Every structure is written in C-alpha cells, then in structure tokens.
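The values are calculated or read from the model by the stated rules, or taken from the named source; none is laboratory data. Just so we're clear, the structure is a prediction, and the values are computed from it rather than from any experiment. Cβ atoms come from the backbone with ideal geometry, glycine included; neighbour counts cover every protein chain shown. Note: areas computed on protein heavy atoms with side chains; ligands, DNA, RNA excluded. Shrake-Rupley method; radii C 1.70, N 1.55, O 1.52, S 1.80 Å.
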Amino acid sequence: MNFLDLIWLIPLFPLAGAAMMLMLGRNLDPQPASEVALAPGLEHTHEDHGHDHGHGHSHGHGQSHDHGHGHGHAASPLRFLIGWICPGMVLLSFLFSAGAVLQLAGTESKAHEVVLFRWIAGLPFHLADGRLAAFGADWGFLLDPLSSVMALVVTGIGFLIHVYSIGYMGHESGYYRFFGYLNLFVFFMLMLVLANNYLLLFVGWEGVGLCSYLLIGFYFHKKSAGDAGNKAFIVNRIGDAGFILGMLLLFSVAGSLSFGEVRRALAGMHPEVAQFGVLSAAALLLFIGATGKSAQFPLFVWLPDAMEGPTPVSALIHAATMVTAGVYMVARSADLYILTPQTSALVAVVGALTAILAASIGLVQNDIKRVLAYSTVSQLGYMVLALGVGAYWVAVFHLYTHAFFKALLFLGSGSVIHAMSGEQDMRRMGGLKDKIPITYRTMLVGSIAIAGIPGLAGFFSKDEILWQVWSSPLGSKALWAVGLVTAGMTAFYMWRLMAMTFFGASRADAHTQEHIHESPAAMTVPLIVLAVGSALGGWIGVPKLWAAFPESFRLFEHWLAPMFPGVHGEHAAHHDTSVEWLLMGLSVAVAVGGIALARHFYQVRPDLPDRVAASAGPLYRTLYNKWYLDDIYAFLFIDGLCKKGGQAMGRFDLGVVDGGVNGAGWLTRVSSALSIWWDTWIIDGAVRLTSFLVRVGSYPVRLIHNGQFQTYALYVVAGVLLFLTYYVARS
C-alpha cells in the first residue's frame with residue numbers, strides 16, 4: 001500500500017469517528033435527564049477550587065463531585081462501542097502515519113505533497129511591489145520530516161489518551177460527546193500539521209481552538225468551566241488576529257501561501273538586519289498568533305484556567321498537542337525568521353520570560369493540575385527560546401520529548417485524582433506511594449525526566465536547548481542564565497509535587513483514605529507506555545559531545561536537517577568541548593540541587609515551607625497570586641477597557657453623539673424658524689409691496705386702456721393734434 005499517496009486519509013479517520021458520535025452517539029449512550037437539566041445541589045459543587053471531579057465519588061467534605069451529570073445511571077449495552085470506535089479511528093490514523101513516515105524515509109526528497117483540489121482560486125491581490133497576483137490556496141497535504149514528527153506525536157499520544165479516557169470517563173454522562181470532541185480535535189490537529197499552506201493550516205488552527213473551547217467547558221453546568229472555555233476562546237482570538245494579518249502580509253511579499261512557494265520566494269531575499277521591514281513585521285504578526293496558541297507571555301493566562309476540563313483534555317490539548325501548534329508554526333516558518341533577526345531576538349526574549357515567569361508561579365501552587373499547567377507554560381517557553389536563537393530542530397526535539405513526559409504527568413495526576421475521590425489539592429494528599437504504586441512509579445519517571453536528569457528524555461532536549469542558547473550567535477549568556485534558573489525551578493516544583501502527593505503521612509480525611517485505590521488497566525497501561533517513552537525517547541537525539549555513540553543516536557537531528565538548511569546549526573562545530581561538558585554538568589547539578597532542596601523542604605523538614613512562606617510574605621503572595629497578572633488584566637482590560645471603556649463610550653454617545661444630534665436638531669429648528677420668518681416677512685413682504693406698487697402704478701394706465709375702439713381713436717387724433725401743435729410752435 002502506498003501510504004504516501006493516502007496521507008489525506010490520516011485526518012479523515014478521526015473526522016469519521018466524530019461524525020458517528022454526532023449522528024449515532026445518543027443512540028449508543030442514551031443520556032439521563034440530568035444531562036439536559038441541572039441536577040439538584042449542583043450549585044454546591046467545588047467551583048471555588050477549579051477541581052476536575054471527574055468520577056462522581058464522595059469527597060469526604062460533604063460535597064458532591066458528579067457535576068450533576070447523572071453518574072451511576074444504567075449504562076447502555078452499546079456504550080462499549082464508543083470506546084472502540086473513537087480510539088480505533090485514532091489508531092488507524094497512527095498506523096497510516098507510521099506507514100507513510102517509513103515510506104517517506106526511503107525517498108530522496110524527504111517530502112511528499114498531495115493536492116486534492118483548488119480550494120480558493122483567483123482572488124486578485126496587489127503585492128508589495130505593485131504586481132497583481134491571484135490569492136489562492138489548495139486543499140493539499142504535505143508530509144515532510146517536520147510534519148511527520150507532529151503527525152506521529154498527535155496520533156500516538158492521542159491514541160494513548162483516548163484509551164486512558166475509556167477508564168477515566170467511564171462513569172460520566174456525555175461519554176459519546178466527550179469522545180466525539182476528542183476525535184474532532186485530533187482531526188483539526190492533523191489538518192493543522194499536514195496542511196501544505198498557511199491558509200489550510202489556519203483552518204486546523206481555528207478548529208483546535210473550537211475543540212479546546214468545547215472540551216474545557218465540557219462540564220457545562222459549572223460556571224467556572226464555562227468561564228474558562230470563554231477565556232481560552234477570547235484570548236486565542238487576539239493571537240489569531242495577528243496570525244491573519246501576518247498571513248496577508250507574507251502573501252503580499254511572497255505572492256503565495258504555499259509552504260514550498262513561500263520558501264522559494266524567501267530564498268532570494270536579503271536578511272533584514274539593519275531595519276525592521278515588511279518581513280520582520282510579518283514574522284512578528286505570525287509570532288503573535290503563536291503566543292496565543294502556545295501560551296506565551298502575555299497571552300498565556302488562559303492555559304492554567306483550562307484545567308477546568310477533564311484531565312484527559314489537559315493531557316491531550318494543553319500538554320502534548322494543541323499548545324505546541326504555535327511552536328510548530330514558527331518552526332515551519334524558519335526561512336522567514338532566519339531573515340528577521342530582530343524578530344527572532346524578540347521571540348527568544350519572550351520565550352525566556354515566559355519560561356521563568358511560569359516556573360516561578362509553579363513553585364507555590366497547591367492544585368496538582370495547576371502546577372503541571374504552569375510547568376507546561378514554562379516548557380513551551382523553553383521551546384520558543386530555542387526557536388528564537390535559531391535552534392529549530394532542538395525546539396521540535398523538546399516538543400517531542402515533552403509530549404511523552406507531560407502527557408504522562410497529566411494522566412498520572414488524573415489517576416491520583418481518581419484515587420483521591422476527586423481531590424486535587426496536594427495539601428490534602430500524601431502517603432500514596434504504596435497505595436497506588438503504578439501511578440507513583442510512572443509519575444516518578446515523568447518527574448525526573450522533566451527535571452533533566454541524565455538518561456531520561458527531558459535531559460537530552462533541555463540540555464541541548466541550554467547549549468544552543470549559550471553558543472548560538474543569536475543567543476546570549478543572559479538568556480542561558482534564565483534557562484538555567486528555570487531548570488532549577490522545574491526540578492524543585494516537580495519534586496515538591498511528588499513529595500506532597502506520594503510521600504509522608506496521608507493528610508486526607510478518613511473517608512477518602514478508605515477509598516484510595518489504583519486506577520484500572522485502561523488508565524495504567526497508557527501510563528506505563530508513556531513512562532517508557534519518557535525514559536527512552538530522548539536517545540534518538542544524544543549530544544554530539546557523546547562521540548562514543550554512533551550517528552544513529554542522533555537520528556532526530558539528521559531527520560530534521562532538510563527542513564532547516566542555512567540555520568546556525570554548525571556554530572559549535574569547532575568549539576572547546578570542555579565548555580560544553582562544564583555547562584552540561586552545571587545544568588545537571590542545578591537539577592539535582594532543585595530536587596534535593598524540594599526533598600529537604602517537603603520530606604526532611606516539612607515545617608520549613610510554611611516558615612519560609614511567612615518570612616517571604618510579599619514575594620510568596622505575589623507568586624501564589626500568579627504575579628497578579630489576572631488581576632492586572634482584569635483591571636486593565638475587563639474592568640478598564642471593556643467595562644469602563646464601554647461606560648465611557650456610552651457617555652460619549654450620550655454627550656457627544658446624541659448631543660451632536662440634539663444640537664443639530666435644535667439648530668435645524670432655529671434655522672427653520674428664521675427661515676419661516678424671513679420667508680413670511682421679507683420674501684412674502686417684498687412680493688406684496690411690489691404687487692401694491694404695480695397696482696398703484698398701473699392705475700392711470702388702466703384708465704386709458706379701457707378696451708373701447710373709439711376711445712383709442714380719440715387718443716390717436718389727440719396725439720396727432722398735439723404733435724402738429726408742437727411742430728408748428730417750434731417752426
């Protein structure tokens with residue numbers, strides 16, 4: 001089978017699954033009345049805590065966790081088909097993707113494009129140089145080294161999360177709806193990564209935004225979930241506006257939105273080193289789109305609130321796939337960013353700022369999913385930092401390794417929440433190590449992987465990012481220092497999470513402790529697979545410094561090499577290896593130090609965190625309140641720009657617009673009265689006076705002109721006599 005010519009089928013499989021859920025899902029899984037009507041007592045659920053509450057267990061605080069979704073209703077005998085259809089469709093996509101990638105590896109060009117039809121054709125558009133071009137786009141698919149990595153990540157990780165969801169969402173109402181949304185998301189994500197042009201990519205881009213809104217607000221009876229979905233949707237629209245403008249500006253320069261044609265057009269252009277020109281503006285606008293989708297400063301505030309959705313949503317959308325779309329798009333546009341070093345510098349700064357800002361917030365959060373949410377933002381900052389210094393393949397490498405350990409950590413947190421009857425506050429956990437051993441061991445692998453401990457996946461990609469930031473001509477020592485400090489913070493907050501969750505004495509109430517249990521196989525098997533990936537996935541990208549390993553251990557870099565020619569990739573070819581060894585050792589020492597410090601604080605001396613928090617009150621409160629960014633945004637944009645701006649516009653409308661209208665009306669009435677007076681007394685008076693004068697002046701004439709012939713004859717004779725008399729008198 002020629003999988004390369006069938007890559008257009010890869011996104012259609014999950015679309016078919018979503019369509020089946022839309023048309024047949026309710027028949028496969030009839031919903032109880034509480035699915036469409038708010039259940040009694042729902043208003044008393046944990047809205048204040050933002051908890052997931054995915055399983056309807058009693059909490060021990062006397063609060064219900066079922067969201068009013070009718071847990072415990074008799075399951076339909078056909079319900080199990082949903083758990084086969086939707087994950088099965090994603091598995092088919094993964095198998096087709098794997099087959100296509102294997103065939104792609106055997107081709108010389110390492111790129112295969114399939115165009116199904118012309119989607120938009122012939123719209124006239126003036127280019128920047130004045131030429132008239134036709135704005136058009138194909139409905140086409142492109143499989144190359146970059147899109148192949150993304151397709152395998154989306155379908156592979158997506159399949160595992162679908163399997164996990166069978167167990168995690170097994171007692172939920174809306175079961176068919178949840179899987180339909182997941183399948184629809186995978187379809188749009190595959191459209192995004194397999195599109196052969198920016199416009200079709202944008203279709204997938206907007207589609208995953210829609211699915212994100214639907215999945216974050218899955219518990220639609222909860223106000224906090226609805227608010228979180230709205231927040232994600234609105235914040236992403238800001239970035240999307242930049243993306244649209246960037247696409248149009250790029251088209252005005254390149255004359256096309258096809259990746260191949262844009263690349264060829266940019267190849268003949270000069271870098272904008274000394275000035276901030278059209279290319280730099282296009283690159284900046286596209287990056288604004290990436291800041292929304294990939295949760296970079298200042299548009300990252302939506303992602304932590306997105307934890308209101310079920311945990312599999314957090315793993316799939318907000319850890320492994322959707323939030324990496326911006327990173328993928330910038331990497332896909334590498335030829336543009338190579339020509340715009342000023343924009344690239346801004347990209348690097350934003351990435352570094354996001355990484356350390358989010359990591360600092362994660363140090364003090366107590367909700368297990370929110371810690372992981374801020375960790376995701378921080379790791380995305382790492383990827384963007386790598387993009388900014390020109391290390392595009394390294395950013396994609398970290399995207400790949402991050403997908404394993406962050407999906408593992410989110411799903412592991414879901415297993416913990418499942419065991420704890422819906423509890424998400426780590427201050428009410430502890431002592432779970434021996435009670436849920438599979439969850440503990442797999443999360444342990446994920447935690448030390450993200451911390452950057454040698455041998456695990458996170459070490460290889462994170463260390464390579466730090467080295468590239470240090471050695472790249474586009475990097476700097478200051479950015480490297482920020483990355484190093486962030487690495488230490490990451491190790492600290494991840495071991496803090498492990499210590500508070502799994503070690504020490506249990507802090508849960510007695511009722512919750514009685515019900516602690518390991519998750520079913522549908523949930524633990526994906527955890528084990530992801531743990532293996534988190535442990536071994538990085539070995540296809542070992543550093544060049546490790547000369548003892550053959551080139552096959554640097555497969556990832558070689559695979560992506562055709563995508564980024566001309567990038568500053570060989571800047572470290574002839575460097576002193578002792579510097580790289582030193583920096584590598586330093587980054588490992590910082591990671592180990594972060595873990596040791598967290599262990600000392602939360603295992604050896606558990607009294608220290610409260611004492612430190614009390615002594616560092618203002619700083620602790622600042623970090624706990626997320627640098628007050630949400631409050632600042634609420635003050636500036638919600639209460640300020642929207643509410644007060646709306647009030648100001650209302651006053652402007654009332655005082656200026658309506659005042660102008662009322663003033664114009666008053667002037668019209670006054671001028672009308674003046675006009676009437678002028679017309680009545682001046683115009684009509686002048687007419688009447690003229691008429692009177694005409695009548696008076698015409699009176700003598702009317703006496704003469706009486707209409708009688710004999711009178712006229714008399715006047716003629718008299719006239720003649722007068723004339724003759726005058727003539728005789730003169731002579």
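Which numbered condition trips up Leu200, out of (1) without any contact (Cβ under 8 Å) to a residue 24 or more places away in the chain; (2) outside any loop (DSSP other than H, G, I, E, B)?
(1)
Would you pick out the residues in region 121-133 that are outside any loop (DSSP other than H, G, I, E, B) and free of Cβ contacts under 8 Å to residues at least 24 places away in the same chain?
Within region 121-133, Ala121, Gly122, Leu123, Pro124, Leu132 qualify.
When only residues in region 227-246 that are in contact with a Phe, Trp or Tyr (Cβ under 6 Å, 6 or more places away or on another chain) and open to solvent by 10 Å² or more (accessible area, probe 1.4 Å) count, which is farthest from Ile638 (Cα to Cα)?
Phe233
Is it the case that Val149 is out of contact with any strand residue (DSSP E or B) (no Cβ under 9 Å at 6 or more places or on another chain), under 21 Å from Gly537 (Cβ atoms) and either among the polar types (S, T, N, Q) or surrounded by fewer than 24 Cβ atoms within 10 Å (Cβ to Cβ) (or both)?
For Val149, the condition - out of contact with any strand residue (DSSP E or B) (no Cβ under 9 Å at 6 or more places or on another chain), under 21 Å from Gly537 (Cβ atoms) and either among the polar types (S, T, N, Q) or surrounded by fewer than 24 Cβ atoms within 10 Å (Cβ to Cβ) (or both) - is not met.
So which of Leu257, Leu285, Leu279 is of a type in the set (A, V, I, L, M), at pLDDT 95 or above and farther than 30 Å from Ser165 by Cβ?
Leu285
Look at Leu474 and say whether it is modelled with pLDDT under 95, hydrophobic (A, V, I, L, M, F, W, C) and either outside any helix (DSSP H, G or I) or open to solvent by 10 Å² or more (accessible area, probe 1.4 Å) (or both).
In short, yes.
Exactly one condition in (1) of a type in the set (Lys, Arg); (2) at positive phi; (3) part of a strand (DSSP E or B) is false for Arg118; which is it?
Among (1) of a type in the set (Lys, Arg); (2) at positive phi; (3) part of a strand (DSSP E or B), the lone unmet condition for Arg118 is (2).
Right, Phe220: under 12 Å from the mean Cα position of the chain (by Cα) and hydrophobic (A, V, I, L, M, F, W, C) or not?
no
Is it fair to say Glu206 is charged (D, E, K, R), at pLDDT 90 or above and closer than 30 Å to Ala634 by Cα?
yes
If Arg621 passes every condition in (1) charged (D, E, K, R); (2) modelled with pLDDT of 85 or more; (3) over 57 Å from the mean Cα position of the chain (by Cα) but one, which one does it miss?
(3)
For Ala331, only one of the following conditions fails: (1) in contact with an Asp or Glu (Cβ under 9 Å, 6 or more places away or on another chain); (2) within 30 Å of Tyr181 (Cβ to Cβ). What is its number?
It is condition (1) that Ala331 fails.
Can you name the residue in region 257-290 that is polar (S, T, N, Q) and either open to solvent by less than 10 Å² (accessible area, probe 1.4 Å) or assigned to a loop (DSSP other than H, G, I, E, B) (or both) and, of all such residues, is nearest to Glu113 (Cα to Cα)?
Going through the qualifying residues, I end up with Ser280.
Across region 184-208, what is the total count of residues that are open to solvent by 10 Å² or more (accessible area, probe 1.4 Å) and within 16 Å of the chain's Cα centre (by Cα)?
4
Just one of (1) under 20 Å from Ala407 (Cα atoms); (2) part of a loop (DSSP other than H, G, I, E, B); (3) touching a Leu at 6+ places or on another chain (Cβ under 7 Å) trips up Gly170, so point out which.
It fails just one condition, (3).
Out of the helices (runs of 4 or more DSSP H) lying entirely within region 308-396, which hold 1 or more residues that are under 22 Å from Ala228 (Cα atoms)?
So the answer is 311-315, 325-332, 341-362, 368-388.
Within region 399-417, take every residue that is under 19 Å from the mean Cα position of the chain (by Cα) and under 18 Å from Trp559 (Cα atoms) and give me the one that is surrounded by the fewest Cβ atoms within 10 Å (Cβ to Cβ).
Tyr400
Quick one: in region 657-670, of everything that is modelled with pLDDT under 90 and open to solvent by less than 80 Å² (accessible area, probe 1.4 Å), which residue is nearest to the chain's Cα centre (by Cα)?
Applying the filter and picking the extreme gives Val657.
Can you pull out every residue in region 703-715 that is surrounded by 10 or more Cβ atoms within 10 Å (Cβ to Cβ) and part of a helix (DSSP H, G or I)?
Those that are surrounded by 10 or more Cβ atoms within 10 Å (Cβ to Cβ) and part of a helix (DSSP H, G or I): Thr711, Tyr712, Ala713, Leu714, Tyr715.
Which of the numbered conditions does Pro606 fail, given that it passes all the others? Conditions: (1) in a helix (DSSP H, G or I); (2) open to solvent by less than 90 Å² (accessible area, probe 1.4 Å).
(1)
Go through region 110-121 and give me each residue that's open to solvent by 50 Å² or more (accessible area, probe 1.4 Å) and either over 12 Å from Leu143 (Cα atoms) or among the β-branched types (Val, Ile, Thr) (or both).
Answer for region 110-121, where residues must be open to solvent by 50 Å² or more (accessible area, probe 1.4 Å) and either over 12 Å from Leu143 (Cα atoms) or among the β-branched types (Val, Ile, Thr) (or both): Val115, Leu116, Phe117, Arg118, Trp119, Ala121.
When you scan region 427-457, how many residues do you find that are in a helix (DSSP H, G or I) and surrounded by 23 or more Cβ atoms within 10 Å (Cβ to Cβ)?
11
Tell me, please, whether a residue that is open to solvent by less than 80 Å² (accessible area, probe 1.4 Å) and among the charged types (D, E, K, R) can be found in region 722-730.
no
Examine region 366-375 for a residue that is open to solvent by 10 Å² or more (accessible area, probe 1.4 Å) and touching a Ser or Thr at 6+ places or on another chain (Cβ under 7 Å), and state whether such a residue exists.
No - not one qualifying residue is present in region 366-375.
Return the residue satisfying two criteria in turn: it lies in region 478-530 and is more than 15 Å from Pro606 (Cα to Cα) and among the polar types (S, T, N, Q), and of such residues it is most open to solvent (accessible area, probe 1.4 Å).
Gln513
Is it true that Phe652 is farther than 28 Å from Ala232 by Cα, surrounded by 10 or more Cβ atoms within 10 Å (Cβ to Cβ) and either among the aromatic types (Phe, Trp, Tyr) or more than 60 Å from the chain's Cα centre (by Cα) (or both)?
Here the answer is yes, as Phe652 does meet what is asked.
So if I check each of Ser552, Ser534, which one is under 29 Å from the mean Cα position of the chain (by Cα), assigned to a helix (DSSP H, G or I) and not hydrophobic (A, V, I, L, M, F, W, C)?
Among Ser552, Ser534, only Ser534 is under 29 Å from the mean Cα position of the chain (by Cα), assigned to a helix (DSSP H, G or I) and not hydrophobic (A, V, I, L, M, F, W, C).
Output the residue which, of all residues in region 676-702 that are of a type in the set (S, T, N, Q) and open to solvent by less than 70 Å² (accessible area, probe 1.4 Å), is modelled with the highest pLDDT.
Residue satisfying both the conditions and the ranking: Thr680.
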